[in-house]
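Working notes, structure below.
The values are calculated or read from the model by the stated rules, or taken from the named source; none is laboratory data. If you're wondering where the values come from, they're calculated on a predicted model, not measured in any experiment. Virtual Cβ from ideal backbone geometry, glycine too; neighbours counted across all protein chains shown.
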Amino acid sequence: MKSVAIVMRAELILLLVLSMAAPAFASYESGPVGPYNVSFDMNTTMEYRVIVEAPSSGVTSLGVNFVRYNLTIDSADYLAWLILTRYDEPMVANITANEYIVYNALIDAGADKPNLYQPLIDGKPGVLGNFRFERHFLGQGQYQEGDLVVAASYSPDGRAYGDGVYRGRTDCRVISTFPWEIVRDLLNTLHVEVPKEDAASTDPVNQSPPINQS
């Protein structure tokens, strides 16, 4: 009887040790952001919190109404934003349009000459850009030399229309200051499920390898 109690006690200790060794924070996220279902895996045990913000609305310079849905990933040292913009009508969402979005986002963040790439994101053609600060950023005083900023843009419901122009009602943008390995895994696993009324079959597009730029 005593030996059984010893064995049970040893198993209990082992279970507690294994529980303590497990990651304390889940890296896989999935849930609604406005009318969208969003999922991604940051593949990290870093502590962070995900905040879904209240939607905002506006009008483009061409007079197209839109609603914007923001998700913030907040940690002690890093931030990331996932911004979903849903337009009242399909907007041009080709590589040129996404390059314009990413380039300007990085310039606004303090880049001089950002690097731009054209990977698939969520199975769709997109644009990825990044830069590192070469000196302390005096504007906000929150970045240090070598800090990485990444931006990406694509359309989850983009497709080629009859006139040959690639358009989508939704634009998805990601801006991040997290380390590259975490941003890479986030983008490689990011999936945005669009509302049923926006979903449409897409024409085949040229495939690109997974995001692996450093």
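Of note:
- Selection from the stretch 84-103 of residues that are in a helix (DSSP H, G or I) and within 17 Å of the chain's Cα centre (by Cα): ASN98, GLU99, ILE101, VAL102, TYR103
- Selection within the stretch 157-210 - of a type in the set (Lys, Arg) and either touching a His at 6+ places or on another chain (Cβ under 6 Å) or at pLDDT below 95 (or both): LYS196
- Criterion violated by THR96 - all others in (1) modelled with pLDDT of 95 or more; (2) closer than 25 Å to THR60 by Cβ; (3) surrounded by 13 or more Cβ atoms within 10 Å (Cβ to Cβ) satisfied: (3)
- Candidates in the stretch 45-60 are the residues that are of a type in the set (S, T, N, Q) and either at pLDDT 95 or above or in a strand (DSSP E or B) (or both); of these, the one that is farthest from LEU186 (Cα to Cα) is THR60.
- Every condition in (1) free of Cβ contacts under 8 Å to residues at least 40 places away in the same chain; (2) within 18 Å of the chain's Cα centre (by Cα); (3) in a strand (DSSP E or B) holds for VAL67 except the one numbered (2).
- For the stretch 114-140, a tally of residues being more than 20 Å from TRP81 (Cβ to Cβ) and either crowded, with 17+ Cβ neighbours inside 10 Å or at pLDDT 90 or above (or both) returns 4.
- Qualifying residue in the stretch 17-34 (condition: closer than 18 Å to PRO195 by Cα, surrounded by 12 or more Cβ atoms within 10 Å (Cβ to Cβ) and modelled with pLDDT of 95 or more): yes
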